[in-house]
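Chemist: Dropping a structure here in structure tokens format, bear with me for questions.
Readers should treat all values here as calculations from the given coordinates under stated rules, not as data from a laboratory. Note that the structure is predicted; figures quoted are calculated from it, not measured. Backbone-built Cβ (ideal geometry, glycine too); neighbour counts: all protein chains shown.
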């Protein structure tokens with residue numbers, strides 16, 4: 001299998017959040033011949049593979065691979081029997097049995113009637129595998145990790161609280177490196193092709209990952225860091241999700257979505273505890289307040305919004321709502337480690353510091369919550385911004401016309417401290433080591449750079465993924 005930087009993908013839009021079961025609409029007639037690859041596989045991706053994948057094979061049954069579907073389950077029953085849905089455990093689990101509701105998907109709404117019909121007809125028609133040969137070559141899971149000829153674009157970086165690990169996003173996987181960049185520790189391979197963010201829990205025991213398959217589904221993963229095992233894979237909405245953040249007590253995980261939503265779930269159960277739909281464009285990053293009572297979100301709609309967690313109520317536009325006051329969308333936000341102040345960046349290339357809570361009534365034309373803008377601005381769009389562990393500095397990374405910049409600024413004055421040397425390409429992620437004077441940055445060229453933020457000097461650089469040379 002060869003993985004190229006650009007992959008030809010068959011994108012199938014699929015609604016991940018059906019509310020009620022319903023019969024197929026007449027205008028949405030089912031095809032005479034059901035396709036496994038186009039019709040059945042997306043249903044399994046959305047509703048089944050979170051619990052039935054090599055990284056987390058509940059019931060000792062895997063549903064990410066056609067051949068695995070034909071094997072027996074952990075209870076020695078046949079998963080799929082071609083031509084016989086009544087003998088296929090997969091089908092029997094998604095239909096009512098003896099007046100009882102369907103057993104699967106566990107803890108979720110039953111599949112809509114259209115999806116059940118598609119699966120039944122596919123089995124009746126012989127459960128044929130029509131997966132294209134090219135797609136089979138690109139099959140990836142924990143037993144078959146990605147093979148790279150070129151480094152992938154890196155969208156997310158995060159240090160563990162003790163600095164032992166640096167998590168780096170790849171294709172279908174998160175790569176855990178030693179915090180000083182001297183070696184690869186583990187590869188956490190999941191279902192999602194695109195991974196957009198990584199975030200360690202406050203105690204460092206868990207790693208939250210957001211991503212998905214564009215145009216098909218979003219996913220949030222939760223990994224046990226010590227065991228390198230997947231605890232939870234939860235499909236969310238119909239497109240990729242972004243910007244994972246943890247509540248200070250480690251109970252909740254928040255994230256944004258390409259469906260313009262902000263959500264938060266319980267880390268333990270996956271139960272959704274917050275939904276906010278006030279944004280009018282993709283929500284790209286989130287962060288909780290110091291006490292965890294509020295959630296901040298930034299979006300391509302140019303707004304930074306404040307939501308109360310307990311009530312799910314959007315309380316305020318932290319940034320100005322005056323037309324023309326903001327120059328383009330917002331991409332990133334981070335909260336000061338000790339107080340409710342926010343470092344943001346976006347299309348205008350100027351890092352800004354805002355207070356989270358308004359202390360006087362809003363007036364048309366004001367931008368009262370702005371504390372200061374950092375200077376000088378960066379060229380192009382800021383994609384990543386992070387505070388130092390003590391909050392005394394902010395580090396930001398940008399992209400402009402195929403080039404990248406990383407700079408460190410003094411929080412108290414907004415003045416530049418250093419500009420990082422030898423950055424080759426656009427930067428999409430930065431992370432500050434929790435104990436050392438070390439900042440990791442990465443982006444389009446797939447290289448992780450480690451710099452000293454005091455002077456901007458390069459300490460080390462490395463390619464995050466193992467590269468297979470062409471024969």
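Chemist: Over the range 34-137, what is the relative contact order in percent, taking alpha-carbon pairs closer than 8 angstrom and at least six residues apart?
Modeler: Values: 136 pairs, mean separation 28.8, N = 104.
With pairs under 8 Å counted, the relative contact order is 28 percent.
Chemist: Just the ratio, please: alpha-carbon radius of gyration of the range 34-137 over 2.2 N^0.38 Å, N its number of residues.
Modeler: Values: Rg = 12.9 Å, N = 104, 2.2 N^0.38 = 12.8 Å.
Against the empirical 2.2 N^0.38 Å value, I get 1.00 for the range 34-137.
Chemist: Moving on. How big is the chain on each of its three principal axes, counting only the C-alpha atoms and giving the largest first in Å?
Modeler: That gives 71, 58, 38 Å along the principal axes, largest extent first.
Chemist: Next question, about the same structure. Take 304, 314 and order them by how many other Cβ atoms sit within 10 Å, fewest up front.
Modeler: On the way: 304 26, 314 18.
So the ranking, lowest neighbour count to highest, is 314, 304.
Chemist: Suppose a student asked you for the relative contact order of the range 141-243, using Cα pairs under 8 Å spaced at least 6 residues apart; what percent would you report?
Modeler: On the way: 258 pairs, mean separation 19.8, N = 103.
Over the range 141-243, the number comes to 19 percent.
Chemist: For the range 319-471, what is the Kirkwood hydrodynamic radius in Å, using each pair of distinct C-alpha atoms?
Modeler: Working: mean 1/r = 0.0623 Å⁻¹.
Final number for the Kirkwood radius of the range 319-471 is 16.1 Å.
Chemist: Quick one: helix 113-124 against the long Cα principal axis of the chain, what's the angle to the nearest 10°, folded into 0 to 90?
Modeler: Between the helix axis and the principal axis of the chain, the angle is about 50 degrees.
Chemist: While we're looking at this one, here's another question. Using mean Cβ contacts within 10 Å as the protection proxy, how do 83-89, 240-246 order, highest first? Don't skip to the end; give the middle numbers.
Modeler: Working: 83-89: 16.0, 240-246: 25.3.
Top to bottom by mean Cβ count within 10 Å: 240-246, 83-89.
Chemist: Please find the FRET efficiency linking residue 313 to residue 84, where r is the Cβ-Cβ separation and R0 is fixed at 51 Å, and quote it to the nearest 0.05.
Modeler: Numbers: r = 52 Å, r/R0 = 1.02.
After rounding to 0.05, the efficiency reads 0.50.
Chemist: Pop a pseudo-label 7 angstrom from the Cα along the beta-carbon direction at both residue 98 and residue 347 and give the gap in nm to one decimal.
Modeler: 6.0 nm
Chemist: Relative contact order of the range 301-359: what whole-number percent is it, with Cα pairs under 8 angstrom and at least 6 residues apart? Working shown, then result.
Modeler: Working: 95 pairs, mean separation 15.7, N = 59.
Across the range 301-359, relative contact order equals 27 percent.
Chemist: Given the peptides 159-165, 94-100, 104-110, arrange them by the average over their residues of other C-beta atoms within 10 Å, most packed first.
Modeler: On the way: 159-165: 18.0, 94-100: 10.6, 104-110: 14.9.
Ranking, from highest mean packing down: 159-165, 104-110, 94-100.
Chemist: Which of 451, 336, 47 has the fewest other C-beta atoms within 10 Å, and how do the rest follow up to the most? Don't skip to the answer; put the middle values down first.
Modeler: On the way: 451 27, 336 21, 47 24.
Ordered by Cβ neighbours within 10 Å, fewest first: 336, 47, 451.
Chemist: Order of 439, 62 from fewest to most other C-beta atoms within 10 Å?
Modeler: On the way: 439 27, 62 24.
In increasing order of surrounding Cβ atoms, one gets 62, 439.
Chemist: Please give the per residue volume of the convex hull enclosing the alpha carbon atoms of the range 153-247, rounded to a whole number of Å³. List each step's numbers first, then the result.
Modeler: Numbers: hull volume 7.7 nm³, N = 95.
Each residue corresponds to 81 Å³ of Cα convex hull volume.
Chemist: Then there's this: Once the piece of chain linking residue 149 and residue 231 is laid out straight, how much longer is it, given 0.36 nm per residue of separation minus the C-alpha distance between them?
Modeler: Details: separation 82, 0.36 × 82 = 29.52 nm, distance 3.02 nm.
Difference between extended and current length: 26.5 nm.
Chemist: Using a Förster radius of 25 Å, what is the FRET efficiency between residue 327 and residue 421 based on their Cβ-Cβ separation? Nearest 0.05, please. Please report the intermediate quantities before stating the final value.
Modeler: On the way: r = 28 Å, r/R0 = 1.12.
Once the sixth-power term is evaluated, E becomes 0.35.
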